[in-house]
Amino acid sequence: MRKKIVAGNWKMNTTVPEGVALAKAVVEKSAQVPAEVGLIVATPFTHLCPVAEVVSDTRVELSAENCADKEKGAYTGEVSAAMVASTGATWTILGHSERRQYYGETDEKLVEKVKLALANGLKVILCVGEILDERQAGRHFEVVKAQVENVLFNFSAAEMASIVIAYEPVWAIGTGLTATAEQAEEIHAFIRKVLAAHFGEQVAEDTTILYGGSCKPSNAKELFAQKDVDGGLIGGAALKADDFIGIALSF
């Protein structure tokens with residue numbers, strides 16, 4: 001049975017001391033959340049080592065927000081999957097819409113990133129989703145299908161057990177707009193059908209698909225009630241422990 005997950009993506013926010021304090025608050029409040037709900041915090045690279053100490057031996061898992069598409073070498077400023085794993089992190093987010101939009105990440109580059117993440121024992125939250133123009137043009141299914149196929153169809157059914165998908169309606173990130181629960185369910189169910197057609201029904205049923213567009217305590221319950229929405233990749237609301245835990249209590 002697929003796992004329910006609430007993952008907090010801190011993005012480029014908090015200093016190291018602020019991040020440590022936030023992680024401590026999340027750990028402290030995590031006891032309120034039912035055991036079947038997974039909790040992940042995704043921090044900037046600078047925070048991984050100290051936050052790994054905070055979440056060690058707790059139910060809160062640690063993720064990076066990205067990793068490089070190269071194994072090692074003369075790539076100044078990059079952080080490899082092996083480096084991420086060495087901090088104690090067990091997850092990485094890949095393909096976030098902001099990485100695609102601002103840093104030109106392509107599906108081809110993401111294939112290499114996912115390969116290296118899995119090879120280094122990291123689990124992956126792979127983000128897919130359409131921008132506003134694509135949604136308005138009715139191309140959202142086409143765009144999301146291509147992103148899933150271009151990246152995930154390079155991996156085996158066994159490897160899919162270490163991959164979570166996060167659907168991001170890019171037009172709803174940081175804009176205050178939110179996809180309706182019906183819109184979220186429609187495309188989550190569509191992603192599952194795309195997976196089923198290639199990997200089979202069992203992999204499709206077992207794959208966790210998160211909603212990643214302005215999810216907050218006030219709308220999480222309605223979103224999480226949908227059959228194919230298995231949790232959330234949380235942005236702004238993850239920067240307050242009460243809000244983050246409040247979302248996790250919405251199942």
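Of the listed peptides 84-92, 17-25, what is their order by residue-averaged count of other C-beta atoms within 10 Å, with the highest listed first?
Per-residue mean Cβ counts within 10 Å order the peptides as 84-92, 17-25.
Under a point spin-label approximation (7 Å from Cα along Cα-to-Cβ), what is the ASN13-LYS240 distance to one decimal in nm?
1.0 nm
Please compute the net charge surrounding SER162, taking Lys and Arg as +1 and Asp and Glu as -1 over other residues with Cβ under 14 Å from its Cβ.
Surrounding charge for SER162 is +2.
With a cut-off of 8 Å between alpha carbons and a minimum separation of six or more residues, what is the relative contact order of region 4-248 in percent?
21 percent
First measure r as the distance between the Cβ atoms of HIS198 and SER218, then evaluate 1/(1 + (r/R0)^6) with R0 = 30 Å and state the FRET efficiency to the nearest 0.05.
Result of the calculation: an efficiency of 0.25.
Just subtract the alpha-carbon distance of ALA146 and TYR102 from 0.36 nm times their residue separation and send over the number in nm, one decimal.
Full extension from ALA146 to TYR102 adds 13.8 nm.
Output the Cα-based Rg and Dmax of the chain in Å, rounding Rg to one decimal and Dmax to a whole number.
Reported Rg and Dmax, both Å: 16.8, 48.
Mind checking the full-extension length gain between GLU28 and PHE45? Use 0.36 nm per residue of separation minus the Cα-Cα distance, one decimal, nm.
Value of the extension gain: 3.9 nm.
Enter the Cα centre distance for the pair region 104-121 and region 7-70, rounded to the nearest angstrom.
Each part reduced to its Cα centre gives a spacing of 22 Å.
Percent antiparallel among DSSP beta bridges with both residues in the chain, to the nearest 5?
0 percent
Throughout, read-outs are computed from the coordinates displayed, never taken from laboratory work. This structure is a prediction, so every number in the text was calculated from the model and none was measured. Virtual Cβ from ideal backbone geometry, glycine too; neighbours counted across all protein chains shown.
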